[in-house]
Amino acid sequence: MAAEAPYILVLYYSRTGQTAEMATQIARGVSRVAGIDARIRTVPSVSPDTEASLPAVPDDGAPYASKGDLANCSGLAIGSPTRFGNMAAPLKYFLDSTGDLWLNGTLSGKPAGAFTSTGSLHGGQESTLLTMMVPLLHHGMVLCGVPYSENALNETTSGGTPYGPSHWAGTGVQQAVTDHEKTICQTFGERLARLAVKLID
């Protein structure tokens, strides 16, 4: 049986679709790099109910992530809408289940980064990205951002930070991901993939 091709896991939670669109754009950036693929996965919502209420497979969109998807990746991009300057609970819930991977150093030395979407322009994009990096550091991952050599980072009037891609969705009618934001996502995905290829043993 042939060995599985190396891949970047693009793992996200999305409520209104903007973070999911960013994940797609990041995967497009990954696809520019030879020798590595993108694997897009999401996580289910969490509920106060004690019984699981969601199907094992979502009706549409990306499949739900497994710990195997995370354990076997060559690099990781995690994305979430902002919740009080931090990631949303469903993504945190998934990461909280990865103690065994931490104990075994499974993700140590692999590149990783974060992306986010906010309703308001100054609604915690940078704090969300920075706080999302904390569990990545605990796992021993190598952080990847977006350098200012990407012109879109200087030209954007919406989302985009050196800490990772971001999107300003608006608080009323949801705004589409802009061309600058797409470019920043793709640059991030490509850079993450290039780092992963260099770091693969």
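Between S108 and A176, take the C-beta separation as r, use R0 = 30 Å, and let me know the FRET efficiency to the nearest 0.05.
Values: r = 38 Å, r/R0 = 1.25.
Here the calculated transfer efficiency is 0.20.
Note on the chain: GNM, Cα springs under 10 Å; of E150, E126, E190, the largest mean-square fluctuation is that of E150. Around the Cα centre of the chain, unit charges on the Cβ atoms of Lys, Arg, Asp and Glu (plus for the first two, minus for the last two) sum to a dipole of about 320 debye.
Between amide H atoms placed 1.01 Å from N, distances below 5 Å from G113 occur with L76, A77, I78, C144, all of them 5 or more places distant or on a separate chain.
What accessible area per residue, rounded to a whole number of Å², is obtained for the chain using a probe radius of 1.4 Å? Provide the component values of the computation, followed by the final result.
Numbers: 9910 Å² over 201 residues.
Value returned for the chain: 49 Å² of accessible area per residue.
Remark: relative contact order (the chain) = 26 percent; criterion is Cα-Cα distance under 8 angstrom and separation of 6 or more residues.
Using the rule -39500 (n - 2.57) for each DSSP H run of four or more residues, divided by the residues of the chain, the 222 nm mean residue ellipticity is -10500 deg cm²/dmol.
The values are calculated or read from the model by the stated rules, or taken from the named source; none is laboratory data. Predicted, not measured: the structure shown is a model, and the values here were computed from it. Cβ sites come from the backbone with ideal geometry, for glycine too, and all protein chains shown count toward neighbours. Please note that ligands, DNA and RNA were not included when accessible areas were found on the heavy atoms of the full protein model with its side chains. Shrake-Rupley method; radii C 1.70, N 1.55, O 1.52, S 1.80 Å.
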